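The values are calculated or read from the model by the stated rules, or taken from the named source; none is laboratory data. Note that this is a predicted model, so its numbers are computed, not measured. Cβ: placed from backbone, ideal geometry, glycine included. Neighbour counts: every protein chain shown.
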There are 2 protein chains.
Amino acid sequence: MNDHKRRPTIKDIASLAGVSIGTVDRALHNRRGIDPQTRQRILTIAEKIGYRKNRVASILTRKKPLVFAAVFPQKLHYFYDDVRQGFKEAIEALQDFKVYPLVYSVESLGQGEENVLQKLLQEDIDALVLTPGHRSKLNPLINQFVEKNIPVVTVSTDAPESKRLTSVCVNPYQNGELAGELLAKIVTGPRVAIMVGSLEIEDHRQKVDGFTNAFLAMHPDGEVVAVVENHEREELAAQNTEELLRKYPDLAGIYVATANSVAVCKVLAEQHTNHDIKLITTDLFEEMVDYLKKGVIQATLFQNPYRQGWEAVNILFQFLTEKRKPPTHHYLEPVVVMCSNLDFYYPQFKRRVLK
Amino acid sequence: MNDHKRRPTIKDIASLAGVSIGTVDRALHNRRGIDPQTRQRILTIAEKIGYRKNRVASILTRKKPLVFAAVFPQKLHYFYDDVRQGFKEAIEALQDFKVYPLVYSVESLGQGEENVLQKLLQEDIDALVLTPGHRSKLNPLINQFVEKNIPVVTVSTDAPESKRLTSVCVNPYQNGELAGELLAKIVTGPRVAIMVGSLEIEDHRQKVDGFTNAFLAMHPDGEVVAVVENHEREELAAQNTEELLRKYPDLAGIYVATANSVAVCKVLAEQHTNHDIKLITTDLFEEMVDYLKKGVIQATLFQNPYRQGWEAVNILFQFLTEKRKPPTHHYLEPVVVMCSNLDFYYPQFKRRVLK
DNA sequence: TTGAAAGCGGTACCAT
DNA sequence: ATGGTACCGCTTTCAA
């Protein structure tokens, strides 16, 4: 177990096989210009002595840098800025391996992504990270990159029908479940409501499903009395909230499955004296901190945007440098954030850089 | 921002300064045998062109492997096996950098650590990771390693008076706070109790403090009616629990700040019909899973032992390869684990390996 | 004090 | 089809 025996190198293989290191390289990398016999012999030897290539050395000899391109939205700063930051810092940590960032922005999710991707298709990049807004339009574009041998990883949103390598995100269904379980435990009455951005959005629908299932499973006589859409508009969110309060005077909890929860908080903070409504929200940004501390928000489910960007880079790096194929989804854990662990995640959870 | 300009190398510095790369190396590493004038000149140039050494290349030239030694307990398998696993896999991921593990075990925390460390002092190791049991006895030993220029990182427990580089752990006070806040939100009555292993243990005492403060702050008329010690003995834990139930028929919650919570669960599961007691526990292992699913345990605070081992390795690696000094404490986030996010952490949370 | 050169473990390209 | 060798960026040793 405590082995520090020297790792075998191509030289070892070469001398064992009685050939040059050039030939060994040919055999190992399936290059042409080598006798199938010798290749087989070399591969057998390599296998036998447990050869594994030294990535450090092989990277050192790479002449062209690896360029990792990214396309992220600007709007919803609190979220995508963190994704971008994670992306950049992950690359920064890989600088010794000659990895460089090439970052593009679109105004908001789904706005002009095609243009940027078209432009990127001309550039000489080695990998692509993006948050696809319009899947149906983007799928063919994504596939074009893949066909050019440029792996693509989606972040936070997905384009599952495309040939992207993997998707880094928090499983929305699980996220909903966690919210449902938590609210079921906190709530003092059986009736709760859900607010989403839009039920058209797959992510939001899945959160609703996960929440509903978990809440009903955990709460003996629980009931989800309403699912309302705020279409990411503050006034509508406020209006919806007031309506909920009026319509269900005994409402015991609300789960806001989209990031736009501030309007809800405002309404609840004002009406606070009359109702005892437990609020579970999604994501984390500045305006929420006070509401968390004041107890208007009981807990929020954090999706770790910084880490999403970070992980995307590392998945791609591993794929490019050692052909390691990731599973089709790379799910991060949703995190229950309350007052006492807020500091870990706000203003921004800096993953301690590994290596 | 999108720079892929080639990073400057010592060669660049050399030609700019009109010296050989050997001299540049001497200047950069403060080696002897160089004119202070030239050194200064070289350092200025390096600074000006923003030189940063390529760790990949420098590691490649290292002839001797780095040996990372570890001493972990065997008992409390569910916890220390994960720490060990994290330690090993982190090193595995660094194998291209010629890092090798040297793992020793002691039977349980504080049992015979001195012997093992004495033995290790003779060996040619480059770094040491351990879970110090008896601090007072271990401090001088730890310092001996440090004085031999072998950095030491403590994991999960600490030896703060020693010269260890840093300690990787979950801040027990924060852990307690999180428990307190959570229980305050879940509980249906004001009176709760705490069970620890022993109040002699700093870690447990801090959890008690953190819990108490947070619970009282969050719960308007909350009251911590008892703090009992189970001395990590099942019978005692069971006995204590029964006593609590008898003495405080209105008990609304229990926080078990030590890992030994199964006995408590058993008692509560039996008495379940009479009392509505919310239970928050610590750590996660097999026997707890059922109790979580049945709702006997409301939530448990996971301390991510796997990641603790992993992080220790990477902190040491960074320290050794780039002199990066970590802060005196490396706190990991305590994680709220309930049914719906259990899968991420059990049987064992495998951090997706980065790079 | 300084320079030159070998070598780490691969890759790439030339020559044979 | 195969061998030889320069080179990536740095460390280390040996000469000068």
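General observations
- Only residues that are of a type outside the set (S, T, N, Q) and either in contact with a Ser or Thr (Cβ under 8 Å, 6 or more places away or on another chain) or more than 7 Å from DNA strand C (Cβ to nearest atom) (or both) were counted across region A:11-32, and they come to 12.
- Residue list for region B:22-45, filter: more than 38 Å from the chain's Cα centre (by Cα), in contact (Cβ under 8 Å) with a residue 12 or more places away in the chain and within 8 Å of DNA strand D (Cβ to nearest atom): B:Val24
- Test: residue in region A:12-23 that is part of a loop (DSSP other than H, G, I, E, B), among the polar types (S, T, N, Q) and either farther than 26 Å from B:Ser58 by Cβ or modelled with pLDDT of 95 or more (or both): yes
- Matching helices (runs of 4 or more DSSP H) fully within region A:66-168 where at least 1 residues are under 30 Å from B:Glu322 (Cα atoms): A:77-93
- If you filter region B:46-62 down to residues that are more than 10 Å from chain A (Cβ to nearest Cβ) and basic (Lys, Arg), you find that the one that is farthest from B:Lys11 (Cα to Cα) is B:Arg62.
- Qualifying residue in region A:241-250 (condition: at negative phi, of a type outside the set (D, E, K, R) and touching a strand residue (DSSP E or B) at 6+ places or on another chain (Cβ under 6 Å)): yes
- Of all residues in region B:63-73 being within 14 Å of another protein chain (Cβ to nearest Cβ) and in contact with a strand residue (DSSP E or B) (Cβ under 7 Å, 6 or more places away or on another chain), the one that is farthest from DNA strand D (Cβ to nearest atom): B:Phe72
- Residue identified as modelled with pLDDT under 95 and either in contact with a His (Cβ under 6 Å, 6 or more places away or on another chain) or surrounded by 19 or more Cβ atoms within 10 Å (Cβ to Cβ) (or both) among B:Ala252, B:Ala259: B:Ala259
- Sole exception among (1) of a type in the set (Ser, Thr, Tyr); (2) part of a loop (DSSP other than H, G, I, E, B); (3) more than 16 Å from DNA strand C (Cβ to nearest atom) for A:Tyr51, by number: (3)
- Among the residues making up region A:308-331, those that are more than 10 Å from chain B (Cβ to nearest Cβ), part of a helix (DSSP H, G or I) and farther than 20 Å from A:Val56 by Cα are A:Gln308, A:Gly309, A:Ala312.
- Annotation: of all residues in region A:265-305 being away from chain B (no Cβ under 13 Å) and in contact (Cβ under 8 Å) with a residue 60 or more places away in the chain, the one that is surrounded by the most Cβ atoms within 10 Å (Cβ to Cβ) is A:Pro305.
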